[in-house]
Amino acid sequence: MRKAEVNRKTRETNITLALDLDGGESAIDTGVGFFNHMLELLAVHSGMGLRVCCKGDTDVDFHHSVEDVGICLGQAFKAALGEKRGIARFADRVVPMDECCAQVALDLSGRPYLNFKARLSGKIGEFDAELVEEFWRAFAFNAGVNLYIDLLSGGNMHHEAECIFKGVAKCVQDAVKIVSDRVPSSKGVL
């Protein structure tokens, strides 16, 4: 069973998140419409089951909710992977979305790193586009993932964000697949 649940309560957010790497239902309510849409894309295109309920201080802005959901998703992802026995570990994808295209690569190495090459700024509806990077940073550092995101071709910011989320989703789907019975490391541990 590659599942995990995380609860996080601070003065800024109250989050319950459940993740099933092998599928299942998704129900997402972060209080941030555009972010809900991105998380739904992540769940659908990765094949993961994802339930998220976030009550945040959205009267301030969306930053705390987006970052804290990223923290929780990263923690749940790490816990659900366990010792990572049998996973493919590495993945890379190039994913288009109309005029936009993103290249994503990841390594489920246990070592956190984010290389984010996309200049997302301004608003997507009420959503601050720069929060896309904040979300992936929080995820990568809490999941222990090396994550490279490069927006190869930009355009409509909604499409830019969408191809990034879909690209990561497809990499996650590829990297968590069971392909052997061993831990994929020359050290024997990840």
- Message: Condition (residue is within 12 Å of the chain's Cα centre (by Cα) and surrounded by fewer than 21 Cβ atoms within 10 Å (Cβ to Cβ)) applied to region 58-67: is it met by at least one residue?
- Response: yes
- Message: Can you go through 72, 53 and tell me which one is surrounded by fewer than 22 Cβ atoms within 10 Å (Cβ to Cβ), modelled with pLDDT of 95 or more and of a type outside the set (Asp, Glu)?
- Response: 53
- Item | Count - residues of region 132-190 that are part of a helix (DSSP H, G or I) and either under 17 Å from residue 72 (Cβ atoms) or not acidic (Asp, Glu) (or both) | 27
- Message: So, residue 79, is that one under 16 Å from residue 16 (Cα atoms) and surrounded by fewer than 21 Cβ atoms within 10 Å (Cβ to Cβ) or not?
- Response: yes
- Breaking point among (1) touching a helix residue (DSSP H, G or I) at 6+ places or on another chain (Cβ under 7 Å); (2) crowded, with 22+ Cβ neighbours inside 10 Å, for residue 116: (2)
- Message: Can you go through 46, 65 and tell me which one is touching a Lys or Arg at 6+ places or on another chain (Cβ under 8 Å), small (Gly, Ala, Ser) and closer than 17 Å to residue 135 by Cβ?
- Response: 46
- Message: Of the conditions (1) assigned to a helix (DSSP H, G or I); (2) without any contact (Cβ under 8 Å) to a residue 40 or more places away in the chain, residue 65 satisfies every one except a single condition; which number is it?
- Response: (2)
- Task: All but one of (1) assigned to a helix (DSSP H, G or I); (2) within 15 Å of the chain's Cα centre (by Cα) hold for residue 17, so report the exception by its number.
- Result: (1)
- Please find, among 168, 145, 189, 132, the residue that is among the hydrophobic types (A, V, I, L, M, F, W, C) and either surrounded by fewer than 21 Cβ atoms within 10 Å (Cβ to Cβ) or in contact with a Cys (Cβ under 6 Å, 6 or more places away or on another chain) (or both). 189
- Flag if residue 57 is in contact (Cβ under 8 Å) with a residue 60 or more places away in the chain and of a type in the set (D, E, K, R): no
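The values are calculated or read from the model by the stated rules, or taken from the named source; none is laboratory data. Since we're looking at a predicted model, the values are computed, not measured. Positions of Cβ are backbone-derived with ideal geometry, glycine not excepted, and every protein chain shown enters the neighbour counts.
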